[in-house]
Amino acid sequence: MHSAGLSTKGRTPFYLSNVCPPALGIGYRQVMPRISAFYGIVIYMYWNEKDHPVAHFHAYHAGRRASVSMSGEVLAGRLEPRALQFVREWAKLRQDEILANWERARRNEPLHGIEPLS
């Protein structure tokens, strides 16, 4: 299930129109670009040297959020078990693309969209 406005064709970089909505009350000082969406789950990523020693991404579903490492470990927060299963499956399939985005974020470059779980 693709989210409106989310294009992954041609590895389109994401800009301010695809950032984590402030209504979620995340409390981060930086914008967090959306990199994928599937089954009602939205995946965001940003990088901050002080707060981010481990490569990870942020997953949001049904009002819950979690920081998830490349290996699928929940670093902070919580998702419903079924949503977490989908997130882990997506991360396993897209590990190289996620890590490439992590490196782009470290260099303050635009992130690329990543194909959703289908």
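None of the figures in this text is laboratory data; all of them are computed from the coordinates on show. Quick caveat: nothing in here was measured; it's all calculated off a predicted structure. Because the Cβ atoms are built from the backbone with ideal geometry, glycine has one as well, and the counts that use them run over all protein chains shown.
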- Note on the structure: For Gly113, the residues 5 or more places away or on another chain with a placed amide H closer than 5 Å to its own amide H are Thr12, Phe14
- Ala76 to Glu89: extension gain in nm, 0.36 nm per residue of separation minus the Cα-Cα distance? 2.8 nm
- Message: 7 Å from Cα along Cα→Cβ at both Ala100 and Glu115: what's the point-to-point distance in nm?
- Response: 1.2
- When Glu115, Glu97 are arranged by how many other beta-carbons sit within 10 Å of their Cβ, fewest first, they go Glu115, Glu97
